[in-house]
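Q: Dumping the structure here so I can ask a few things about it.
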Amino acid sequence: MKNLFRRRSTPEVTEEEREQIDHAVQKTKDGVFNRISDLFRESVITEDTWDELEELLIQADVGPVTASTLVESARKDVEREELHTSVEAETALRRHMVEVLGSDEHEPLEDMETGTVILMVGVNGSGKTTSTAKLTHYLQRYDRSVYLAAADTFRAAAIDQLRIWGERVKARVVAHQQDADPSAVVFDAVKAAQQRGVDFVIVDTAGRLHTKFNLMEELQKIKRVAQKSNPDARVVSLLVLDATTGQNAILQAKSFLQTVDVDGIILSKLDGTAKGGVAFSVYNELKVPIWYIGTGEKIDDFAPFNHLEFVNALFETR
Amino acid sequence: MFEALSDRLNDIFTGLRGKGTLTERDVDTAMREIRLSLLEADVNFKVVKSFVARVKERCIGAEVMQSLTPGQQVVKVVHEELLATLGEAARLELSNTPPSIILLAGLQGSGKTTTAAKLALALRKQGHHPLMAALDVYRPAAIDQLISLGKQLNIPVYSEGSKADPVQIAANAVQEARKNANTVVILDTAGRLHIDEAMMTELQHIEQRVKPHEVLLVADAMTGQDAVHAAEEFHRAVSITGMILTKMDGDARGGAALSIRQVTGVPIKYMGTGEKTDALEVFHPDRLAQRILGMGDVLSLIEKAQEQISEDDAKKLEKKMRTATFNLDDFLNQMRQIRKMGPLTQLVELIPGMRGAMKQMGGAPDMNDKEVKRIEAIITSMTRQERQNPSIIDGSRRRRIAKGSGTTVQDVNQLLNQFKEMQKMMKQLTSGKMRLPKGFPGK
């Protein structure tokens, strides 16, 4: 069991990460999942126990279908293995929650080759610009250099917002005028980064609802241009998803996945009371993994998403 | 993605037809579907519980139990209950002695600044002289954003930079409005978490200082189960008087609004329906109810079409259809316009009843990029004469067109046949011989 729960090691950040994740899920722990653990501590498991359990997952935005699947799986295991104690039952549910999230193995961004272009995409107000700044800071901690591309040329003052962050994290911001073609900004940024051997270009794109066909086509073009500006570059697409989002997150992820082949998700705003349970449904239905979490307003409130720790922390009660 | 509730209920009740009356167990099955549908629409699970209990009580009554179409009856009951819960569209309550003060509050990223501009524009259209005030001193460039929106709309913005105290800015903004005879002041506050005590206290201080006539909670239509917690906390802190539901132009079913309305009792006043500054509408309970039920949103479809096709174009097209002078040029234009609206499969989802019909036909017609490009290539390889009068296209012309467009003669034939069919259909449609599918709007 210990082995199963061991995480990929990046020793210099482990403690810090753990603290941040713990901090992020503190509210959650105190709430819903604390009660899940309590449920299992009651000695006799009844029909009501399972119903309540399902409701608790739904309340965490896990979604009615995924919640029901999780509970059914845990229940079957408990029956098949003739488990009796509440601790065994809790482990069964925990195991299934981890299973739904799949493996958290992915090539760490900080290890990617020089020239990598990271597209930050998402709906309006999900936290793309703030996440861009946090990710820049995160990569800089690994001594990787970053250029920022101000590709949100639509929203008023979005370029200024990124410039201010650029000054704070000391990263160069490549920007054009308001209403300029975002692809042209990306082209310039990628070329400039290539010339100077900069490790990453992070592209802060405009927020767009996934149902807007034209805007999604524009995003496709941005990706195409990024790839063309440097054919050797790897282009990574990260979807910034607000943790307070409900079931619409699945439609969002699906649409962005089809448009720019999303590699991973940044789950933002996990510092509220929202449970981020949407992560379960998104992975369950689309297999798009969560890579990072945003846990506050400060620049270093950002950490790799660790499935085992996340689920474990949710179940920790003391 | 989500089955419309009506489709589901019809499926359940189809098997029960001819059985005479329904049993309570049949009703329970239906209630389970309603519960699931509401949960998928992000209605808070506690709200779902009480809602379903109310619906069930009514469904056990005679009107549903003895109906020949119980599925539709249940949907009707659900729809009515939804409308009752959502309440009427409420108007802004402004002061008789100007300036009226409107405070906007909400979580980060819910759309407060954009909404401030939209609201100011809407009020100006009603004859007001609005002033916007930039109270978000925290988010980088938030003040610039409001100033820039103000410039676009030619609406004054009061700001004191990002070093000032938001409470003081609010008070000064009201003074400024008095001085300049502005009739409305819209206070754009910083986004804040409902559990951030310091920030919630700040909001309270602003409220106490300027005593706003309206405190509007700006809420994202995509929010999940947590929406009620946030709304309750905001309501507790500053007594909200209304709600503005943003990002309604997406495909979120907006169940959060129902939850907030039920839990706080606060009326929904406006909906944000687009990125442009005029995309603010008075709340339509009926449209939201339909959406929550997953019954499609015909009005959204019409709006989508209107976005792309101007009235002039539509009139021209109608005339062409009536006089049967619709040619291949029009066909090409038509296709390009439809494509601008998005993938056909997505459009189909917006039409109630179409989802079921498509399923029976084995999926929506496939009109992918490649195919459209091929058709485009074929038509553009024709001479003007050929496009206007396709009947002159003989064998040798077909070979030339195929060569020119890089396709085969078969492809050209297929297109011409499709076009002929389409012309036939149009004649029938305009002469009123063809009936629209059942369940089509406008019954």
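Q: Being part of a strand (DSSP E or B), closer than 30 Å to A:Q59 by Cα and either open to solvent by 20 Å² or more (accessible area, probe 1.4 Å) or within 14 Å of chain A (Cβ to nearest Cβ) (or both): is that true of B:V218 here?
A: Spelling it out, B:V218 is indeed part of a strand (DSSP E or B), closer than 30 Å to A:Q59 by Cα and either open to solvent by 20 Å² or more (accessible area, probe 1.4 Å) or within 14 Å of chain A (Cβ to nearest Cβ) (or both).
Q: Yes or no: A:E82 surrounded by fewer than 23 Cβ atoms within 10 Å (Cβ to Cβ), part of a helix (DSSP H, G or I) and outside the structural domain of A:I159 (by TED's automatic domain parsing)?
A: No; evaluated as a whole, the condition is false for this residue.
Q: For B:A237, state whether it is over 23 Å from A:A60 (Cβ atoms) and not in a helix (DSSP H, G or I).
A: So B:A237 fails the test.
Q: For residues that are buried (at least 24 other Cβ atoms within 10 Å of the Cβ) and not hydrophobic (A, V, I, L, M, F, W, C), scanning just region B:116-131, find the one that is farthest from B:H235 (Cα to Cα).
A: Per the stated criteria, the residue is B:P130.
Q: Okay, moving on. Give me the residue from region A:43-73 that is part of a loop (DSSP other than H, G, I, E, B) and open to solvent by less than 70 Å² (accessible area, probe 1.4 Å) and, out of that set, farthest from A:V98 (Cα to Cα). So that I can check it myself, show each step before the final result.
A: Our first condition is that a residue be part of a loop (DSSP other than H, G, I, E, B); within region A:43-73, this holds for A:43-46, A:60-63.
Checking which are open to solvent by less than 70 Å² (accessible area, probe 1.4 Å) leaves us with A:45-46, A:60-63.
Working: A:I45: 22, A:T46: 24, A:A60: 16, A:D61: 16, A:V62: 13, A:G63: 16 Å.
Looking at residues that are part of a loop (DSSP other than H, G, I, E, B) and open to solvent by less than 70 Å² (accessible area, probe 1.4 Å), I get A:T46.
Q: For B:A117, state whether it is in contact with a Ser or Thr (Cβ under 6 Å, 6 or more places away or on another chain) and under 27 Å from B:Q208 (Cα atoms).
A: Values: in contact with a Ser or Thr (Cβ under 6 Å, 6 or more places away or on another chain): yes; under 27 Å from B:Q208 (Cα atoms): yes.
Yes: the conditions hold for B:A117.
Let's see how each residue does on (1) among the β-branched types (V, I, T); (2) more than 26 Å from B:S110 (Cα to Cα); (3) in contact with a strand residue (DSSP E or B) (Cβ under 8 Å, 6 or more places away or on another chain):
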{"site": "A:L209", "(1), (2), (3)": "no, no, no"}
{"site": "A:S255", "(1), (2), (3)": "no, no, no"}
{"site": "A:I265", "(1), (2), (3)": "yes, no, yes"}
{"site": "A:A279", "(1), (2), (3)": "no, no, yes"}
{"site": "A:N284", "(1), (2), (3)": "no, yes, no"}
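Q: Would you tally the residues in region B:1-54 being crowded, with 22+ Cβ neighbours inside 10 Å, more than 14 Å from chain A (Cβ to nearest Cβ) and at pLDDT 75 or above?
A: Final tally of qualifying residues: 2.
Q: Need the failing condition index for B:Q225 against (1) touching a residue at least 24 places away in the same chain (Cβ under 8 Å); (2) not in a loop (DSSP other than H, G, I, E, B), just the number.
A: Condition (2) is where B:Q225 drops out.
Q: Being buried (at least 22 other Cβ atoms within 10 Å of the Cβ) and of a type in the set (D, E, K, R): is that true of B:K112 here?
A: Against the criterion (buried (at least 22 other Cβ atoms within 10 Å of the Cβ) and of a type in the set (D, E, K, R)), B:K112 qualifies.
Q: From the residues in region B:110-157 that are within 16 Å of B:G272 (Cβ to Cβ) and among the hydroxyl-bearing types (S, T, Y), which one is nearest to the other protein chains (Cβ to nearest Cβ)?
A: Checking each candidate, the answer is B:S110.
Q: So, one more: Yes or no: A:R141 in contact with a helix residue (DSSP H, G or I) (Cβ under 9 Å, 6 or more places away or on another chain), at pLDDT 90 or above and either farther than 29 Å from B:M222 by Cα or more than 14 Å from chain B (Cβ to nearest Cβ) (or both)?
A: yes
Q: What number of residues within region B:392-426 are at pLDDT below 85 and either open to solvent by 30 Å² or more (accessible area, probe 1.4 Å) or farther than 20 Å from B:M335 by Cα (or both)?
A: Qualifying residue count, region B:392-426: 7.
Q: What number of residues within region B:164-197 are more than 14 Å from every other protein chain (Cβ to nearest Cβ), without any contact (Cβ under 8 Å) to a residue 40 or more places away in the chain and not hydrophobic (A, V, I, L, M, F, W, C)? Spell out how you get there, then give the answer.
A: To start, the set of residues in region B:164-197 that are more than 14 Å from every other protein chain (Cβ to nearest Cβ) comprises B:164-187, B:189.
When the remaining residues are screened for being without any contact (Cβ under 8 Å) to a residue 40 or more places away in the chain, the result is B:164-165, B:168-169, B:171-172, B:175, B:179.
Of the ones still in play, those that are also not hydrophobic (A, V, I, L, M, F, W, C) are B:165, B:168, B:172, B:175, B:179.
Of the residues in region B:164-197, 5 are more than 14 Å from every other protein chain (Cβ to nearest Cβ), without any contact (Cβ under 8 Å) to a residue 40 or more places away in the chain and not hydrophobic (A, V, I, L, M, F, W, C).
Q: Another question, if that's okay. Could you please give the count of residues in region B:232-251 that are away from chain A (no Cβ under 12 Å) and touching a helix residue (DSSP H, G or I) at 6+ places or on another chain (Cβ under 7 Å)?
A: Selection size over region B:232-251: 7.
Condition check ((1) within 14 Å of another protein chain (Cβ to nearest Cβ); (2) in contact (Cβ under 8 Å) with a residue 60 or more places away in the chain; (3) within 25 Å of B:K247 (Cβ to Cβ)) across all residues:
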{"residue": "A:I159", "(1), (2), (3)": "yes, no, yes"}
{"residue": "A:G166", "(1), (2), (3)": "yes, no, no"}
{"residue": "A:R172", "(1), (2), (3)": "no, no, no"}
{"residue": "A:Q177", "(1), (2), (3)": "yes, no, no"}
{"residue": "A:D188", "(1), (2), (3)": "no, no, no"}
{"residue": "A:I202", "(1), (2), (3)": "no, yes, yes"}
{"residue": "A:R208", "(1), (2), (3)": "yes, yes, yes"}
{"residue": "A:Q220", "(1), (2), (3)": "yes, no, yes"}
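Q: Quickly run through region B:80-93 and pick out the residues that are open to solvent by less than 50 Å² (accessible area, probe 1.4 Å) and either within 14 Å of another protein chain (Cβ to nearest Cβ) or touching a residue at least 60 places away in the same chain (Cβ under 8 Å) (or both).
A: Those that are open to solvent by less than 50 Å² (accessible area, probe 1.4 Å) and either within 14 Å of another protein chain (Cβ to nearest Cβ) or touching a residue at least 60 places away in the same chain (Cβ under 8 Å) (or both): B:L82, B:T85, B:L86, B:G87, B:A89, B:A90, B:L92.
The values are calculated or read from the model by the stated rules, or taken from the named source; none is laboratory data. These numbers come from a predicted model, not from an experiment. When we count neighbours, we look across all protein chains shown, and the Cβ atoms used for this are built from the backbone with ideal geometry, even at glycine. What goes into the accessible areas is simple: the full protein's heavy atoms, side chains included, and nothing from ligands, DNA or RNA. Shrake-Rupley method; radii C 1.70, N 1.55, O 1.52, S 1.80 Å.
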